[in-house]
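What follows is one structure encoded as structure tokens, with my remarks underneath.
The values are calculated or read from the model by the stated rules, or taken from the named source; none is laboratory data. Here the structure is a predicted model, which is why all the values come from computation and not from measurement. All Cβ positions, even for glycine, are placed from backbone atoms using ideal geometry, and neighbour counts span all protein chains on display. Calculation scope for accessible area: heavy atoms of the full protein, side chains included, ligands and nucleic acids excluded. Shrake-Rupley method; radii C 1.70, N 1.55, O 1.52, S 1.80 Å.
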Amino acid sequence: MKIYTVVVNDCATVGAPGGPRQIRTRQTSYGPQNFMLGYDKLAAGLSRALTERELDWIESAGHIFAADMACERDGGDLDWARSIDLHLPVRDVVYWNALSKRIAHIVSDFTGDRITISFHQETDPMKAPRQRRGPFGQHDCVALLSGGVDSFVGAASLLVGGSVPLFLSHTAAGSITHAQTQVHSALNALGTVTDRVGLTAQKRGNFPGSEQSQRTRSFFFLAAATLASSVDGCGPVFINENGVMALHLPLTTARIGSLSTHTASPDILERVEALAGEVLGRDVSISNNLVGLTKPEVVELGVQCGLSKALRETVSCWSIGRTSEHCGVCVPCLIRRISFDSHNVPDSPYTMDIFGDPDALTATGARDNLAHMIRHVDHLGGLSELDMQIAFPELLNGGSALPLDQAIDLQRRWATQATKILLSNPVPKSIW
């Protein structure tokens with residue numbers, strides 16, 4: 001396990017082997033800015049200026065996200081987790097240190113790491129961003145729009161159902177920004193013109209790390225969304241992801257923990273909801289309107305919402321931010337292809353055709369990913385209800401949104417859907 005100490009904006013003097021990793025969202029007397037954290041566009045369109053506590057909330061979430069990217073994981077499955085000691089600047093040290101263990105527990109569950117957080121006095125706090133002349137247009141909820149299939153279809157289902165969301169995106173890479181722009185245009189074509197605002201959280205200059213897993217991205221997203229919901233009093237926050245990925249049962253024993261993402265894990269979302277409500281002083285609701293669906297069922301819902309042609313504009317690949325292409329061999333690409341093929345929906349091109357070309361199995365991780373997927377869905381399909389609970393305790397993480405019986409039924413449907421597509425293609429069938 002790699003061990004890190006991270007200090008943001010030189011808020012503390014702490015010892016660490018080799019020195020702590022320094023993150024600066026502004027220039028300090030010790031060095032230049034190396035991380036850009038921008039929430040000005042969001043704050044400018046809200047109905048009032050942000051308070052000091054609200055500023056601490058969104059900035060701390062952004063700092064946690066930056067620290068996540070500054071600390072590289074080990075390459076091996078069993079050494080994937082990290083130990084990270086975070087030191088963050090805030091305006092109200094006493095208030096935030098009383099919450100530090102609670103926040104660290106939530107962040108640890110998102111990342112699968114051992115996290116400690118210490119808050120320190122911010123000596124040069126940023127002022128609240130100025131308000132623009134006109135606030136965001138009418139909206140009755142906030143929905144995260146990542147550029148992926150699930151957030152796109154979830155957003156469309158909200159619009160079709162009569163809701164008017166304020167869409168919130170995180171701008172990170174060109175291909176993702178393009179996807180977000182394309183899907184937002186497709187959503188507006190459904191008949192309701194909506195606002196979309198982007199957050200900026202990205203490395204610059206001499207940033208101290210290059211970790212790509214970004215497990216805390218959801219926490220940053222949700223902090224911003226709950227802030228907007230609270231300030232405008234506009235209703236629920238939606239982080240829409242299919243239930244299979246929300247629970248994310250590990251494909252193998254080695255993938256237990258942080259190798260399986262917890263982006264929209266229902267039990268974690270319930271704790272973020274409670275924390276945000278306490279910090280922001282207003283009841284906050286975080287929902288997932290796709291939690292009862294598999295990915296193929298999400299694609300089917302997208303077709304029903306009129307998105308057949310637009311779905312190909314979404315992005316899914318684990319490496320899309322670096323390569324601007326779908327690799328075709330990572331687990332997200334496999335799940336995407338199974339889901340699109342289930343309904344003969346036009347898809348974006350893949351660099352490698354792991355379903356039809358045996359040579360694709362020579363790509364790094366390709367054979368393992370496909371074999372693990374096959375074994376996983378075959379295993380799910382053959383387990384009794386009791387054996388499934390024993391093998392996958394993650395089924396209990398559905399919280400009130402996805403009770404155990406529904407979670408088991410969801411996994412069975414996914415196993416059936418995936419098996420049908422995998423066995424209908426020559427390469428998966430050859431190694432079944």
Rounded FRET efficiency, nearest 0.05, which uses the C-beta distance separating ARG130 from ARG412 and R0 of 60 Å: 0.70
Kindly flag which residue pairs out of LYS101/LYS295; LYS309/LYS429; LYS101/LYS127; LYS295/LYS420; LYS203/LYS295; LYS2/LYS101 have an alpha-carbon separation exceeding 23 Å in this structure. LYS101/LYS295; LYS309/LYS429; LYS101/LYS127; LYS203/LYS295
Could you report the accessible area of SER285 in Å², rounded to 10, computed with a 1.4 Å probe on the protein chains as they sit in the structure? 50
Let a ≥ b ≥ c be the square roots of the eigenvalues of the Cα gyration tensor of region 30-73; is it rounded (a/c under 1.5), or, if not, prolate (a/b larger than b/c) or oblate? prolate
Determine ³J(HN,Hα), in whole Hz, for all residues of region 96-107 in sequence, where each value follows from phi through the Karplus function 6.51 cos²θ - 1.76 cosθ + 1.60 and θ = phi - 60°; x replaces Gly and Pro. 6, 5, 5, 9, 4, 5, 5, 5, 4, 5, 5, 4
What is the calculated FRET efficiency for SER83 to ALA371, with r their C-beta to C-beta distance and R₀ = 22 Å, to the nearest 0.05? 0.10
Provide the per-residue ³J(HN,Hα) series for region 130-138, in order, calculated from phi with Karplus coefficients 6.51, -1.76, 1.60 and θ = phi - 60°, each as a whole number of Hz, with x at glycine and proline positions. 6, 7, 7, 5, x, x, 4, x, 4
With a ≥ b ≥ c taken as the square roots of the eigenvalues of the C-alpha gyration tensor of the chain, please select rounded if a/c is under 1.5 and otherwise prolate if a/b is larger than b/c or oblate if it is not? prolate
By the mean-Cβ-within-10 Å protection proxy, highest first, 411-418, 10-17 rank as 411-418, 10-17
Size of the dipole of region 1-149 about the Cα centre, Lys and Arg at +1 and Asp and Glu at -1 on the beta carbon, nothing else charged, in debye to 20? 500
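Could you rank the peptides 162-170, 49-57, 93-101, 362-370 by their average count of other C-beta atoms within 10 Å per residue, with the highest value first?
Top to bottom by mean Cβ count within 10 Å: 162-170, 49-57, 362-370, 93-101.
Pull up the DSSP beta bridges for the chain and report the antiparallel fraction as a percent, rounded to 5.
Here the share of antiparallel DSSP bridges comes out near 15 percent.
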Assigned charges on the beta-carbon of Lys, Arg, Asp, Glu; the chain dipole about Cα centre (debye): 920
Return the long-range amide H neighbours of TYR4 (sequence gap of 5 or more, or a different chain), with a cut-off of under 5 Å between placed amide H atoms. SER83, ILE84, ASP85
When ranked by the protection proxy of mean other Cβ atoms within 10 Å per residue, highest first, what sequence do the peptides 419-425, 136-142, 382-388, 225-231 form? 225-231, 136-142, 419-425, 382-388
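Suppose every Lys and Arg Cβ carries +1 and every Asp and Glu Cβ carries -1, with no other charges. What dipole size does region 224-337 come out with about its Cα centre, to the nearest 20 debye?
Here the size comes out at about 520 debye.
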Can you classify region 188-320 as rounded, prolate or oblate using the Cα gyration tensor, where a ≥ b ≥ c are the square roots of its eigenvalues, rounded means a/c under 1.5, and otherwise it's prolate if a/b beats b/c and oblate if not? rounded
Name the long-range amide H neighbours of HIS326: under 5 Å, sequence gap of 5 or more, or other chain; modelled H, no Pro or chain starts. THR351
Whole-Hz Karplus couplings 3J(HN,Hα) for region 296-308, θ = phi - 60° and coefficients 6.51, -1.76, 1.60, Gly and Pro as x, run x, 6, 5, 4, 4, 5, x, 4, 4, 7, x, 9, 3
What value, in deg cm²/dmol to 500, does the helix sum -39500 (n - 2.57) over DSSP H runs of n ≥ 4 give at 222 nm once divided by the residues of the chain? -13000 deg cm²/dmol
